[in-house]
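Participant: Quick one: structure below, then a few questions.
The values are calculated or read from the model by the stated rules, or taken from the named source; none is laboratory data. Just so we're clear, the structure is a prediction, and the values are computed from it rather than from any experiment. Positions of Cβ are backbone-derived with ideal geometry, glycine not excepted, and every protein chain shown enters the neighbour counts. Ligands, DNA and RNA are excluded from the accessible area calculation, which covers all protein heavy atoms including side chains. Shrake-Rupley method; radii C 1.70, N 1.55, O 1.52, S 1.80 Å.
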Amino acid sequence: MQAETSGTTKTFGLLAGVRRLFASLVMLSLLWTSPARAQSILRDAETEALFADMSRDLIRAAGLSPNTVKVVLINDDSINAFVAGGQIVYVHSGLLQAASSANQVQGVIAHELGHIADGHVVTGDQGAKPAMGITVLSLVLGLAAMAAGAGDAGAGILAAGQQAAMGKYLAFSRTQEATADASAVKYLRTAGVSGKGMLSFFKVLQQEEYRYGLSNIDPFMQTHPLSGERIQNMTADLQAQPAWNKAPDAGLEERFKRVKAKLEGYVMEPSRTMRDYPESDQSLYAHYARAYAFHKGGYPDKADAEAVALVKADPTDPYFQEIRGQILLEAGKPGEALSYLKAATAGSNNNSLIATTYGHALIATEDKANYPEAVRVLRLAVARDTDNPFGWYQLGMAYEASGDTAHAALASAEQASLTGDSRTAAQSARTAMAGIKPNTPDWIRAQDIAMTAQNDLDDNKKKRR
């Protein structure tokens, strides 16, 4: 939401102009493809549960299904959120850190749902293609003028064409953003969620614009309307809604504070976390943040002491049990971690991420008596969440430890398929097929993976020719 595009251009001769024009073509084609795959996705059971609960009513208000729309956390310290095809809202960790309430984040999610429901990613070509057409035409005319000996005129045509193309695309982008804002206002009303958070977060963005001197930039050369304009456009509609003065959901706000604290402990430098949550602070949020900070910083005893304080405060909280078990497991004490991770798995209704950690601990005990339970737990985990490479890896380890090499190969094929390793996926799937009874569901799945992976390998080979 904060990416800004500058339209300022300078001409440094034909070669530079051509390079810049082709760069513009590439940029226009990529503006609608946010780099989600190139960034690190952060997966955390508690955070994902919070996202699901705080967005459910908004998703329904947008006419979408909570079963198919996901809100995903990206490890990026910039204040941003985006959609990139499909029904996934990507939220940067920096946005959570900048937000002061769950209600603010709900406003951001509502805006991004507007992009999904209005089909903006799909219709992005409607803005990019005309802009590309202008750029290509100016390139042809400019090069023709240069070839005729009018070098300065040709360079001017190139620069003017690039400026016009960029302006046309940015106008289209700003219209899309304004439309998403209007949709967000409607979803908040339908869901009965106060728009105070949305409005206050735009004021946070406006302060960022002031901070970086963006308030005086050309508003016509931006991908988004400036925050002041967006605030002015939305204020009356949001204040007129029945839920405007509705008190925030206290449960969501409490959970948001916990998630924000643990996120800081995980993504920030430990010194920053200790400054924000000094050891004199004995709140649950501080214990949570320090537990992750000490764990990340390589102080297992201090991390465990913070986790013990959390469990003592609420012995039934599955997320407190999870962090205690994870710290013990990664400190080389899987046997001690089992009871906490087992309780966390049960208490979270068999959350797939927590169950994967529990399965990992069962395997790490190197006790053969624990392997059947590891297989059972991990099979359930990946069945609930197939897009979990670490879960498939651990399931493969459990099968291998149990002597079932064929199903270990199938799990390896699943993992490789998820991570884009087509060669390993094909090889592992064939190994699995050789050891699994033909025409059973697992054999058919192995066959599907082998065929898909081989097709990918063949396509890549053709492209290299």
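Participant: Given a Förster distance of 35 Å, report the FRET efficiency between ALA346 and ASP448 from their Cβ-Cβ distance, rounded to the nearest 0.05.
Facilitator: On the way: r = 33 Å, r/R0 = 0.94.
Step by step, r from the Cβ atoms, then E = 0.60.
Participant: Calculate I(q)/I(0) for the range 263-411 by the Debye formula, one identical point scatterer on each C-alpha and no solvent, and give its log10 at q = 0.13, 0.22 Å⁻¹ to two decimals.
Facilitator: Per q value, in the given order, log10 I(q)/I(0) is -0.59, -1.24.
Participant: How much accessible surface area, in Å² rounded to 10, belongs to the heavy atoms of ASP301 with a 1.4 Å probe?
Facilitator: 120 Å²
Participant: For LYS462 and THR68 in one chain, what is 0.36 nm times their gap in residues minus the Cα-Cα distance, to one decimal in nm?
Facilitator: Values: separation 394, 0.36 × 394 = 141.84 nm, distance 3.46 nm.
Computed gain between LYS462 and THR68 is 138.4 nm.
Participant: Can you tell me the length gained on complete extension of the stretch GLN239 to ARG60, counting 0.36 nm per residue apart and subtracting the Cα distance?
Facilitator: Values: separation 179, 0.36 × 179 = 64.44 nm, distance 2.19 nm.
Contour length minus the Cα-Cα distance gives 62.2 nm.
Participant: Right, next: Quick check: the distance between the Cα centres of the range 400-465 and the range 49-109, to the nearest angstrom?
Facilitator: After rounding, the separation between the Cα centres reads 34 Å.
Participant: Hey, another quick one. Could you pull the accessible area for LEU380 with a 1.4 Å probe, rounded to 10 Å²?
Facilitator: Solvent-accessible area, nearest 10 Å²: 60 Å².
Participant: Run down the lysines and flag those whose C-alpha is under 29 Å from the C-alpha of LYS260, throwing out any fewer than 8 positions away in its chain.
Facilitator: Within reach: LYS70, LYS186, LYS196, LYS203, LYS246, LYS296, LYS302, LYS312, LYS333, LYS342.
Participant: So, one more: Hey, which lysines would be in cross-link range of LYS463, C-alpha to C-alpha under 28 Å, not counting anything within fewer than 8 residues on its own chain?
Facilitator: LYS129
Participant: Enumerate the calculated ³J(HN,Hα) couplings along the range 44-50 in order (Karplus 6.51 cos²θ - 1.76 cosθ + 1.60, θ = phi - 60°), each rounded to whole Hz, writing x wherever the residue is Gly or Pro.
Facilitator: Working through the residues one at a time gives 8, 4, 5, 5, 5, 5, 5 Hz.
Participant: Using modelled backbone amide H atoms (1.01 Å from N, in-plane), which distant-in-sequence or interchain residues come within less than 5 Å of VAL72's amide H?
Facilitator: Excluding prolines and chain starts, which carry no amide H, the hits are VAL89, TYR90, VAL91.
Participant: Take the Cβ-Cβ distance between ARG272 and ILE41 as r, set R0 to 35 Å, and report the resulting FRET efficiency rounded to the nearest 0.05.
Facilitator: Values: r = 22 Å, r/R0 = 0.63.
Once the sixth-power term is evaluated, E becomes 0.95.
Participant: Then there is this: Modelled label-to-label distance, THR190 and ASP118, 7 Å Cα→beta-carbon offset: nm?
Facilitator: So the two model labels end up 1.4 nm from each other.
Participant: Taking 60 Å as R0, compute the FRET efficiency from the Cβ-Cβ separation of SER280 and LYS437 and round it to 0.05. If you can, show how the numbers build up before the last one.
Facilitator: On the way: r = 63 Å, r/R0 = 1.04.
Rounded to the nearest 0.05, the efficiency is 0.45.
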